[in-house]
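Working notes for the structure below.
The values are calculated or read from the model by the stated rules, or taken from the named source; none is laboratory data. Keep in mind the model is a prediction, meaning the values are calculated, not measured. Cβ atoms come from the backbone with ideal geometry, glycine included; neighbour counts cover every protein chain shown. Side chains are part of the model used for accessible areas, which takes the heavy atoms of the whole protein and leaves out ligands, DNA and RNA. Shrake-Rupley method; radii C 1.70, N 1.55, O 1.52, S 1.80 Å.
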Amino acid sequence: MTLTAPSSWHWGRLLVEPRRPQAIRGRGDAHWFAVAAVCVGALMGQLDASIVTVALPSLTRSFHASVGSVTWVGLAYLVTLVATVTAVGRFADMFGRKLLYIYGFLIFIAASALCGLAPDLAALVGFRALQGLGAAMLQANSLAIIVLVVPARALGRALGLQAAAQAIGLALGPTVGGVLLAAGGWRLIFLVNVPLGLFGAAAALALVPRSQNLQARAPFDWLGLGLFFPGVVALLSALSFGATAGWGSPLVLALLTTAAALGVAFWAVERRSGRGDDGTGQRRLGDRTRQRRRVGPMLDLALFRITHFATGIVSGLGAYLVLFGVLLLIPFYLERGLGLGAARSGLELMALPLAFGLAASLAGRWVDRVGPRSLTTGGMALAATSLLLLGLIRPGSGTLLVLLVLLGGVGAGLGLFTSPNNAAIMGAVPPQQAGVASGVLNMSRGLGTALGLAVTGLVFTVTGGATAPHVAAAAHVASAVVNHAFSVTAFVLAGIALGSGCLAALRANGALGDARLAAIE
């Protein structure tokens, strides 16, 4: 009897995207299943980013560490995500968005388990950086998957649902974190990601279609990444240290100078790499086309010549700056100006992300019919008006209902802006560059987060808000100082929101229509 050896298994199969089950592929609404799978990752990423903030006091006690050291638990995650998300998008455009999305879940799961088992603070920071890489793989592909599988007539609605999922994760983070801390300590807030991540990976495997419109595989731009990564690390580190070390300190100035120098060098390298590239790895020579093995740019700077893309990225950065600036400002005001506890501050703040999620979902439906310009400009006008009223009224302990309404106005305005803005950005880029575009969009979110914290903290500190508890005078004097600092900071954020709205108004209006339909169906 002859024994037949089993077929050998090849490692190359790990680089092949699996097909969806026929029961899913054959459905007319299969694209909504893919959107649902992407929303799982969107919710989980924002939940994990916000859930860690409530654990920082516990970490200082557990590891006998300073507050400055513990903040690296959050900073390592943010820095890694922002510094790698664009490069991951480039890889996804060549190797497959579904492939990297699934592996993003697996890395996120493994890193979460390691965080939950971390023996010391240094290990926890390192594992959080690994978790940030997994989050970058999820975020760089989430919008790209949506824009390439959803018909243009429903693109805004799908992106609205994704934005709503992110807002829900952001809103639930502190509450869920508090419950988990009370139930089992800080390790539980990381270990809870393991079952959630397994569910998300299974959903992506079964519900997300295989990639289409991929770029030709070319040597990766490692030089560009080598300049970009430390440049982003230097910039975010400067923004983080500025509030404590001082913006004129030698450390912060050195970091800002390094970031600027690396940024200029990166621009020069990417400009040279992208010259003559048509996005497919080919160069036209007279009437002949020859394939060339050349390094393609990590970030195609030609994307910024697309008006919808460029205005969307810059105005979106301003919107995220305002969002996270308000999330920092309100707790300081409630605790130092009104004397309310942290728990009450958390409840008041929930009005913002909840209104954001509801408005983003509605705006996603409307943008498919009316276009992005009216919604984005109207949304930022609402956010700016709400912030101006916050600064003028300064809601006190007897008018907290007014604070809730105005915070809801800020959240609703930002929600009206975000999903139409995302739709305009992703709808404007060639399909084969959807991963890079998604990466740049998510990078702007991370930079907006850091800038929001830095700018708000700087303005609030300079105007006296941070020194109010040390004022050697009556309590009402300290409260007046905080009220003044709160008003000035709210006015600055309102000005940024207004500027972002004016920038968004530069793009052409009109419904997304069916122009993208052929490209994404």
Among Phe33, Val73, Pro151, the residue whose Cα sits farthest towards the positive end of the charge dipole of segment 1-158, when +1 is placed on the Cβ of each Lys and Arg and -1 on the Cβ of each Asp and Glu, is Pro151
Angle check, please: helix 307-332 long axis (alpha carbons) against the longest principal axis of the chain (alpha carbons), in degrees 0 to 90, nearest 10.
40 degrees
What is the Cα centroid distance between segment 25-40 and segment 51-72, reported in whole angstrom?
39 Å
Degrees separating the helix 155-184 axis from the principal Cα axis of the chain, which is the longest one
60 degrees
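May I ask you to rank Glu270, Glu335 by accessible area, largest first, using a 1.4 Å probe over the protein chains only?
Glu335, Glu270
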Taking θ = phi - 60°, what integer Hz values does the Karplus form 6.51 cos²θ - 1.76 cosθ + 1.60 yield along segment 59-75, in sequence order, with x for Gly and Pro?
5, 4, 6, 5, 9, 6, 10, 6, 5, x, 5, 5, 4, 5, 4, x, 5
With every protein chain present, what accessible area does Cys115 have (1.4 Å probe, heavy atoms only), rounded to the nearest 10 Å²?
0 Å²
If I ignore ligands, DNA and RNA and count only protein heavy atoms, how much of Ile330 is accessible to a 1.4 Å probe, in Å² to the nearest 10?
0 Å²
Work out the length of the dipole vector of segment 84-174 about its Cα centre, built from +1 on the beta-carbon of each Lys and Arg and -1 on the beta-carbon of each Asp and Glu, and round it to the nearest 20 debye.
340 debye
The distance between the Cα centres of segment 79-132 and segment 137-187, in whole Å, is 16 Å
Rounded to a whole %, the carbon-and-sulfur portion of the accessible area of the chain at a 1.4 Å probe is 68 percent
Here are labelled values, (i) 1.15; (ii) 0.99; (iii) 1.05, and one is the computed Cα Rg over 2.2 N^0.38 Å for what I pasted. Which one?
(ii)
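Using a 1.4 angstrom probe with every protein chain in place, what is the largest-first accessible-area order of Leu255, Leu214? Show your work: numbers first, answer last.
On the way: Leu255 35, Leu214 70 Å².
Ranked from most to least accessible, the order is Leu214, Leu255.
Can you give the accessible area per residue of the chain, in Å², using a 1.4 Å probe?
Roughly 41 Å² per residue, with all protein chains present.
With charges set only on the Cβ (+1 for Lys and Arg, -1 for Asp and Glu), what does the dipole of the chain come to about its Cα centre, in debye to the nearest 20?
Values: 35 positive and 16 negative charges, 269 e Å.
With Lys and Arg at +1 and Asp and Glu at -1, about 1300 debye.
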Normalised contact order of the chain, rounded percent, pairs of Cα under 8 Å and 6 or more residues apart:
23 percent
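Sum -39500 (n - 2.57) across every DSSP H segment of at least 4 residues in the chain, then divide by the residue count to get the 222 nm mean residue ellipticity, nearest 500. Provide the component values of the computation, followed by the final result.
Numbers: 20 runs with 378 residues, N = 521.
It lands at -25000 deg cm²/dmol.
Quick check on segment 153-200: take the gyration tensor over C-alpha atoms, sort the square-rooted eigenvalues as a ≥ b ≥ c, and tell me if it's rounded (a/c under 1.5), prolate or oblate. List each step's numbers first, then the result.
Numbers: a/c = 5.78, a/b = 2.18, b/c = 2.66.
Note, shape of segment 153-200 comes out oblate.
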Mind checking which of Val54, Gly448, Pro372 is farthest towards the positive end of the chain's charge dipole, using Cβ charges of +1 (Lys, Arg) and -1 (Asp, Glu) about the Cα centre?
Pro372
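Quick one: ranking Trp32, Trp222, Trp366, Trp186 by accessible area, 1.4 Å probe, largest first, what do you get?
On the way: Trp32 65, Trp222 160, Trp366 100, Trp186 20 Å².
My answer, sorted largest first, is Trp222, Trp366, Trp32, Trp186.
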In degrees, nearest ten, helix 193-207 long axis to first principal axis of the chain (Cα):
40 degrees
